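The values are calculated or read from the model by the stated rules, or taken from the named source; none is laboratory data. If you're wondering where the values come from, they're calculated on a predicted model, not measured in any experiment. We place every Cβ from the backbone using ideal geometry, glycine too, and count neighbours over all the protein chains shown.
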Amino acid sequence: MELLVTTIQSPPCEIEELAQEIAKKLQVPLIPRDRYSITALKNNYQVENIIVITKNGPIVHTIGGEYFFHLNMAELRIENLKNGKNDHMIAAMSLSAGMSVLDCTLGLATDAVVASFTVGQTGKVIGIEASPILAFVASYGLQHFTHEKEDVNQALRRIQVKSKHCHDVLINLPDNSFDVVFFDPMFRQPIYSSSNLKPLRYLADNSPIAESTFAEACRVARKRVVIKEALHNNEFDRLGITAIYGGKYSSIQYGVIKVEN
């Protein structure tokens, strides 16, 4: 068994009801917490991941640490955009209000939140996530996380989440469906300064972008396909990408294919 759902110890009724709802949605066992520790539950039921339903939302306990929804760097990036500063991803996408973005590797949803803020109420952002656990946590967080600034909350709420592999979604979309198709595949070489990514590594699909998936993305995109990768990788060469965006001292690069007709 890969996953089970439990609650905090001595949960109130609303937490128990939410846990039942989530376990049913994910089609996994709901185990009463009683006085057991997380480690004891993992050993007793031989699972690697446990979703604990708390008053602040679900927390996933993995062998790499705890994972829960948070804004990560999205909050700072949005503030920088408000102050007229450059965001390398937004520049790579050439993104503006009213545009549509298909995020094929939603993960933490950080990039999707920044994109949603940029495209605004007239735009559209859909996030696809192959991992059911990550898709659930992102979807729940995007709908329930509350920020002190309403424009950030609105950016969160506008994002739609699909729990599927991106290839299965892309092949069923018409040509030129989205202005931008975006990929942020899990870096094969860890960026050790990003400790918040460690739990993600045990939940996410770590495979590189298949050439057939990349071809579908180029068909679906109306303007650009953008891929986020670590510095000094060979993915851009493999996929035939020569237009590269990013800061001079950044460990992240954005490869761009312009597909405008």
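Here Leu197 meets each of (1) modelled with pLDDT under 95; (2) surrounded by 15 or more Cβ atoms within 10 Å (Cβ to Cβ); (3) in contact with a helix residue (DSSP H, G or I) (Cβ under 7 Å, 6 or more places away or on another chain) with one exception, condition (3).
In the stretch 15-22, is there at least one residue being touching a residue at least 40 places away in the same chain (Cβ under 8 Å) and over 18 Å from Ser163 (Cβ atoms)? Scanning the stretch 15-22 turns up at least one residue that is touching a residue at least 40 places away in the same chain (Cβ under 8 Å) and over 18 Å from Ser163 (Cβ atoms).
Flag not set for Glu14, criterion: surrounded by fewer than 17 Cβ atoms within 10 Å (Cβ to Cβ), acidic (Asp, Glu), touching a strand residue (DSSP E or B) at 6+ places or on another chain (Cβ under 7 Å) and not assigned by TED's automatic domain parsing to the domain that holds Pro132. Of all the criteria given as (1) of a type outside the set (Phe, Trp, Tyr); (2) closer than 20 Å to Leu71 by Cα; (3) modelled with pLDDT under 90, the one not satisfied by Ser207 is (2).
Find the strands (runs of 3 or more DSSP E) located wholly in the stretch 202-261 whose residues include 2 or more that are touching a residue at least 40 places away in the same chain (Cβ under 8 Å), surrounded by fewer than 19 Cβ atoms within 10 Å (Cβ to Cβ) and not β-branched (Val, Ile, Thr), and list them. Outline the logic, then answer.
On the way: elements: 221-230, 243-245, 252-258.
The strands (runs of 3 or more DSSP E) meeting that bar are 221-230.
I need the full set of residues from the stretch 65-76 which are crowded, with 17+ Cβ neighbours inside 10 Å and assigned to a loop (DSSP other than H, G, I, E, B), in order please. Matches in the stretch 65-76: Phe68, Phe69, Leu71, Asn72. The residues in the stretch 25-47 that are loosely packed, with under 15 Cβ neighbours inside 10 Å and under 22 Å from the mean Cα position of the chain (by Cα) can be counted, and the count is 2. Residues of the stretch 77-100 that are free of Cβ contacts under 8 Å to residues at least 12 places away in the same chain and either assigned to a loop (DSSP other than H, G, I, E, B) or outside the structural domain of Val225 (by TED's automatic domain parsing) (or both): Asn83, Gly84, Lys85, Asn86. In the stretch 43-68, the residues that are within 15 Å of Pro32 (Cβ to Cβ) reach residues that are in a strand (DSSP E or B) and hydroxyl-bearing (Ser, Thr, Tyr) with C-beta atoms within less than 8 angstrom, at least six apart or across chains, in these pairs: Ile50/Thr6; Ile51/Thr6; Val52/Thr6; Val52/Thr7; Ile53/Thr6; Ile53/Thr7.
Being within 30 Å of Ser251 (Cα to Cα) and over 20 Å from the mean Cα position of the chain (by Cα): is that true of Gly84 here? Even if it seems obvious, please write down each step before you answer.
On the way: within 30 Å of Ser251 (Cα to Cα): yes; over 20 Å from the mean Cα position of the chain (by Cα): yes.
The answer is yes for Gly84.
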